[in-house]
Amino acid sequence: MRKWGKIIALSLSLVVIMTSGGLHFFSSAASKAIPRSKVLNGAEQSKNGDTNILLLGLDSRRDSDGNALPKEITKLLHIGPASIGGYNTNTMILIHLPADGKNAVAISIPRDDYVDVPGYGMKKIKEAYSYAKYAEDSRLYKEGVEQPRREHLARDAGRAVAITTISKFLNVPIDHFAEINMIGFYDLATALGGIQVCLKNAVNDRQYSGAVFPAGLQTISGVDALKFVRQRHGLPNGDLDRTHRQQAFLTGVITKFREQGIFGDIGKVSALLNVAKKNVVIDSGWDVLGFLPQATALTRGNITFHTLPIEGYVMRDGQSVNLVDQAKIQRLVQELFKPAAKKKKGKLSPSPSPTKINYANLASGEAVDGSKIPCVN
């Protein structure tokens, strides 16, 4: 239930990115209105014009000021009260945009990967944010810092450690980040008026996510969209398979932006701006208006999705975690980001993960039903 939306950060960040290719007034307004964070100021940046964007989705039932979400909203979304939601980053997706703007790569990081969190030791990677956030919140509370300023500062501490952890784990710089809270996903799906997805098989997961869908191509929105990306029970590989659901949802988002005239609908554009203002935080150095030239791979659908491999499951401190081969993952990331260098050096890729999924060249239409939407479990 807590892994409600690994796709949330990616979807809403793409809203921010792609608006710069639509209506200028929206991009200008978005650039000024979306909350900013300075945690990347002074951080190492990519070279040669490449850009790495980290997308984070918080498993929190609280708004940006630390207030619990209204009961009517949590009941509607079937997500439970604020007391069960922490500040884990259950969404971690890194998008690599090459300088030539041709072929983007998106990497989903499994939330339970067991890694070194600077200052806290070996933890699940999703916990880096929460450990740092709570530590800073406790310190600020003792100093008498009141809300909502304490919440804002503590979340910045969480972001900083989460970003550092992921950057070190993958051995790549992070140039920009976007963070989205839980309510943002529902708002996004509602603002877009529905997204097309495709399922290979019908599903009935009433007990957990509430997902009940037929097989085939269909349009989902609002609460149904949340159910679609949250389901893991009944899927062959559980938590890992769910990343395919989330990637499929993003494909629907990109397709709708590209083909269905979102930017010609002033109502939808205004709704998207409101979603971003309420639910998204981006880094202070992200020039949304100047980002369009590098975002062509996204707007054209030339993006390949991968889920990082794991080596198995073990128990650590009473929790089930994913064992990972960090050196292998770092090699894989470099080869995905620099395919030309890999070919030139004659490197052999690590064994591919069974959770890998490729939605490159979406315009060619590879879905089993003949549409541009890939069908998933």
Check your understanding: Zone of N274 (label point 7 Å along Cα→Cβ, backbone N under 20 Å): which residues in the stretch 160-196?
Key -> 180-195
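Report the far tail of the P(r) of the stretch 63-119, meaning the percent of Cα-Cα pairs longer than 19 Å. Please list the in-between numbers first.
Numbers: 904 of 1596 pairs.
Of all Cα-Cα distances in the stretch 63-119, 57 percent exceed 19 Å.
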Check your understanding: Label V223 and S138 with points 7 Å out from Cα along Cα→Cβ: what is the distance between them in nm?
Key -> 3.8 nm
**Study point:** Stretch gain in nm, segment V212-A327, where the contour uses 0.36 nm per residue and the Cα spacing is subtracted
**Key:** 37.4 nm
Practice item. May I ask you to list the residues of the stretch 215-229 whose amide nitrogen lies under 17 Å from a point 7 Å from Cα along the Cα→beta-carbon direction of K75? Key: 223
Check your understanding: For the modelled label position 7 Å from the Cα of K38 along Cα-to-Cβ, which residues of the stretch 44-71 have backbone nitrogen atoms closer than 18 Å?
Key -> 44
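Taking the Cα centre of the stretch 93-145 as origin, sum charge times position over the Cβ atoms of Lys and Arg (+1) and Asp and Glu (-1), and report the length of that vector in debye to the nearest 20.
Working: 8 positive and 8 negative charges, 18 e Å.
Dipole about the Cα centre, nearest 20: 80 debye.
Lysine pairs in the stretch 54-210 with alpha-carbon atoms under 20 Å apart, 8 or more places apart or on different chains: how many are there? Before the final figure, lay out each step's value.
Details: K123/K133; K123/K168; K124/K133; K124/K168; K126/K168; K133/K142; K133/K168.
Lysine pairs meeting the criterion: 7.
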Study note, to complete from the structure: Computed ³J(HN,Hα) along the stretch 210-221: with the Karplus parameters 6.51/-1.76/1.60, θ = phi - 60°, integer Hz and x for glycine or proline, the list is x, 6, 9, 9, x, 6, x, 6, 7, 10, 10, 8
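Each reported figure results from applying straightforward, stated rules to the coordinates on display, with no laboratory input. If you're wondering where the values come from, they're calculated on a predicted model, not measured in any experiment. Glycine also receives a Cβ, built like all others from the backbone with ideal geometry; neighbour counts cover every protein chain displayed.
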